[in-house]
Amino acid sequence: MRLQPQLYVDTSGNPLGEPTFERVEFFDFESIELTSTVQDFRDISKVFTDYSKTFNVPASRTNNKIFRHYYDSSIIDGFDARIKQKAEIHINGILFKVGYLRLSKSLISNGRPKSYSVTFFGSLTNLSNVIGNA
């Protein structure tokens, strides 16, 4: 059985509200490499979650809608890459991981977008988010 990952990103624009997930399209050759880690629990400033290597998704019509034409700064109310968006990874249609997606850049060729570079982070980015400052 071939494992088929699906990535869903919140497009509601309200990180505190009810999410509205849309499916991101992938290149045929692209994969998601996810690393699960638990760092030294004595230093709560360290990463304490799953994360992926940065991977690319095509600048398709669907993805341009999801990322609200991030590459074009003249668009009002475009995608704000400073804020991690809620995201889910599903494998063969079954929920696998819940977390956040960070858009790091877009590749432009001949004035047209070609791809977006994104990174997935698990929902628990560091332990201090959970227990606060003691």
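The values are calculated or read from the model by the stated rules, or taken from the named source; none is laboratory data. The shown structure was predicted, so the numbers you read here are calculated from the model rather than taken from an experiment. Note that we place each Cβ from the backbone using ideal geometry, even for glycine, and neighbour counts take in every protein chain shown. Quick note on the areas: whole protein, heavy atoms, side chains included, nothing else; ligands and nucleic acids left out. Shrake-Rupley method; radii C 1.70, N 1.55, O 1.52, S 1.80 Å.
Starting from region 1-27, keep only residues that are under 16 Å from Ser52 (Cβ atoms) and of a type in the set (A, V, I, L, M, F, W, C), then list their pairs with residues that are open to solvent by less than 80 Å² (accessible area, probe 1.4 Å) and part of a loop (DSSP other than H, G, I, E, B) whose Cβ atoms are within a distance under 7 Å, requiring at least 6 positions of separation or different chains.
Leu3/Asn92
Quick one: is Lys86 basic (Lys, Arg) and at pLDDT 90 or above? Spell out the reasoning first.
Details: basic (Lys, Arg): yes; at pLDDT 90 or above: yes.
Yes; evaluated as a whole, the condition is true for this residue.
Tell me, which residue of region 52-97 that is among the basic types (Lys, Arg) and on the phi < 0 side of the Ramachandran plot is surrounded by the most Cβ atoms within 10 Å (Cβ to Cβ)?
Going residue by residue through region 52-97, those that are among the basic types (Lys, Arg) are 53, 61, 65, 68, 82, 84, 86, 97.
After this cut, where a residue has to be on the phi < 0 side of the Ramachandran plot as well, the list is 53, 61, 65, 82, 84, 86, 97.
Details: Lys53: 11, Arg61: 8, Lys65: 11, Arg82: 7, Lys84: 17, Lys86: 19, Lys97: 21.
Checking each candidate, the answer is Lys97.
From the residues in region 26-54 that are of a type in the set (A, V, I, L, M) and at pLDDT below 70, which one is farthest from Val98 (Cα to Cα)?
To start, the set of residues in region 26-54 that are of a type in the set (A, V, I, L, M) comprises 32, 34, 38, 44, 47.
Pick out the ones that are also at pLDDT below 70 and you get 38, 44, 47.
Details: Val38: 17, Ile44: 21, Val47: 16 Å.
For region 26-54, the residue satisfying everything is Ile44.
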